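Visitor: First the structure, then my questions, so here it is.
The values are calculated or read from the model by the stated rules, or taken from the named source; none is laboratory data. Note that the structure is predicted; figures quoted are calculated from it, not measured. Positions of Cβ are backbone-derived with ideal geometry, glycine not excepted, and every protein chain shown enters the neighbour counts.
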Amino acid sequence: MKLCDLHTHTVASDGSDSPYELISLAKDIGLSAIAITDHDTTDGILEGKEAAREVGLEFIPGVELSVNYPYGNMHILGYFIDIEIPRFKNVLKRVQQARANRNPRIIEKLNQLGFSITIEELEEISQGGQIGRPHFARLMVEKGIVRSVEEAFEYYLKKGAKAYAPKSILEPKEAIDVIKEAKGVPVLAHPFSLQIKEEKKLKDAIKVLKEQGLLGIECYYSEHDKTFTDLCLNIAKELDLIVTGGSDYHGKAKPKIKLGIGKGNLQIPYSCVEALKAKANV
Ligand code: AMP
Ligand code: ZN
Ligand code: FE
Ligand code: FE
């Protein structure tokens, strides 16, 4: 069976692999296609594309945009984007600026809590990529402030926690629109993170996104159990949305998640790529 992984991060955002390393790994483990979907940046795409061409692997340029949402966290993935479209580039710049503006606010909150954290330390850990909360978490582990990345999120970094500061400036519809302007296919990432437990409510929430132009749902995902995956597959079928899947690989930044297989038993059929291609007209 041909398999793929359509959700991965590199050093361009909060992953630990370079695009080249990620593509080489994807080839080694026998995937048939891979997408790079860094948070709010396409800085890893050109290197990824070139590496994929070198090793003979099908490559899909992608992005993962954070958007405002009252519950949980909402991320919208974009596939087969044209990274040179000026309006898309401008929106990314705005979002990156919002991210940069957030960092000093988180630092200030952590400083007020008595923890010494500087922007220089974060820049070192992020290796020039977009700084995200996982970098804060890793630094806090290194400094012995917390025992694990999970603990850093739980006590300090997650939405509503002591050092949390919001960053998203995009509404879901704006993210969907700008992905489409870049000729991309917008897909709802990891629906579990919306934290809507009831099937009917989740379906209604996704229906609103579909009316705004959403084309797919990431049903296969590392944190989705069989029941939740089936629920997502049902919603996709009922709403006539395409099905995608990805591990959300971050390399050493999230060591429990392995490329292609997530926590061990994830399998993302290549039919997801075909469905995306049909929507993207490529
Ligand atoms: P940011 O881009 O700064 O909003 O951070 C988003 C990243 O933080 C994503 O890679 C998430 O997987 C990660 N993340 C969010 N919540 C948690 C959590 N509770 N534990 C570990 N990682 C998390
Ligand atoms: Zn991430
Ligand atoms: Fe995400
Ligand atoms: Fe992700």
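Visitor: Kindly indicate whether any position in the range 69-84 is charged (D, E, K, R), more than 17 Å from the chain's Cα centre (by Cα) and modelled with pLDDT of 95 or more.
Guide: Yes, the range 69-84 contains a residue that is charged (D, E, K, R), more than 17 Å from the chain's Cα centre (by Cα) and modelled with pLDDT of 95 or more.
Visitor: Show the residue pairs that are 6+ apart or on different chains and have beta-carbon atoms under 8 Å apart, the first residue being within the range 42-58 and on the phi > 0 side of the Ramachandran plot, the second being modelled with pLDDT of 95 or more.
Guide: Partner pairs satisfying both residue conditions: G56/K27.
Visitor: Can I ask one more? Looking at V185, V95, V91, can you tell me which residue is touching a residue at least 40 places away in the same chain (Cβ under 8 Å), touching a Phe, Trp or Tyr at 6+ places or on another chain (Cβ under 6 Å) and either closer than 20 Å to V63 by Cα or in the same structural domain as T229 (by TED's automatic domain parsing) (or both)?
Guide: Step by step, each of V185, V95, V91 is checked, and only V185 is touching a residue at least 40 places away in the same chain (Cβ under 8 Å), touching a Phe, Trp or Tyr at 6+ places or on another chain (Cβ under 6 Å) and either closer than 20 Å to V63 by Cα or in the same structural domain as T229 (by TED's automatic domain parsing) (or both).
Visitor: Further question: Would it be correct to say that A175 is among the hydrophobic types (A, V, I, L, M, F, W, C) and either in contact with a Pro (Cβ under 8 Å, 6 or more places away or on another chain) or assigned by TED's automatic domain parsing to the domain that holds P255 (or both)?
Guide: In short, yes.
Visitor: Okay, moving on. Report, by residue number, each residue of the range 8-39 that is touching a residue at least 60 places away in the same chain (Cβ under 8 Å), more than 20 Å from K256 (Cβ to Cβ) and in contact with a Ser or Thr (Cβ under 8 Å, 6 or more places away or on another chain).
Guide: A12, A35
Visitor: For the range 5-21, how many residues are within 13 Å of ligand 4 (Cβ to nearest atom) and not hydroxyl-bearing (S, T, Y)?
Guide: Residues meeting the conditions: 7.
Visitor: Right, something else. Under 6 Å by Cβ, and 6 or more places apart or on different chains, what pairs join a residue from the range 245-274 that is under 21 Å from K226 (Cβ atoms) with one that is surrounded by fewer than 20 Cβ atoms within 10 Å (Cβ to Cβ) and charged (D, E, K, R)?
Guide: Y270/K2
Visitor: Also, I was wondering about something else. Taking the condition of being assigned to a loop (DSSP other than H, G, I, E, B) and either in contact with a Lys or Arg (Cβ under 7 Å, 6 or more places away or on another chain) or surrounded by 18 or more Cβ atoms within 10 Å (Cβ to Cβ) (or both), how many residues in the range 265-281 meet it?
Guide: The qualifying residues number 3.
Visitor: Additional query: Condition check: away from ligand 2 (no atom under 16 Å from the Cβ), in contact (Cβ under 8 Å) with a residue 12 or more places away in the chain and among the hydrophobic types (A, V, I, L, M, F, W, C). Does L241 satisfy that?
Guide: The answer is yes for L241.
Visitor: On to the next question. Any residue at all in the range 213-221 that is surrounded by fewer than 18 Cβ atoms within 10 Å (Cβ to Cβ), at pLDDT 95 or above, over 18 Å from the mean Cα position of the chain (by Cα) and within 24 Å of A35 (Cα to Cα)?
Guide: yes
Visitor: Can you find a residue that is assigned to a helix (DSSP H, G or I), over 17 Å from P166 (Cβ atoms) and either at pLDDT 95 or above or away from ligand 3 (no atom under 16 Å from the Cβ) (or both) anywhere in the range 102-115?
Guide: yes
Visitor: Name, by its number, the condition in (1) free of Cβ contacts under 8 Å to residues at least 12 places away in the same chain; (2) among the acidic types (D, E); (3) not assigned by TED's automatic domain parsing to the domain that holds K254 that does not hold for E121.
Guide: Failed condition: (1).
Visitor: Report whether or not E150 is more than 27 Å from C4 (Cβ to Cβ) and either away from ligand 3 (no atom under 15 Å from the Cβ) or buried (at least 22 other Cβ atoms within 10 Å of the Cβ) (or both).
Guide: Yes: the conditions hold for E150.
Visitor: Sticking with this one: Take I83 and tell me if it is closer than 30 Å to V178 by Cα, assigned to a loop (DSSP other than H, G, I, E, B) and in the same structural domain as D43 (by TED's automatic domain parsing).
Guide: yes
Visitor: Do you know which residues across the range 30-75 are of a type in the set (G, A, S) and assigned to a strand (DSSP E or B)?
Guide: If the condition is that a residue be of a type in the set (G, A, S) and assigned to a strand (DSSP E or B), then A33, A35, G62, S66 are the ones that fit.
Visitor: Kindly provide the set of residues from the range 179-208 that are of a type in the set (A, V, I, L, M, F, W, C) and outside any strand (DSSP E or B), ordered by number.
Guide: I179, A182, A189, F192, L194, I196, L202, A205, I206, V208
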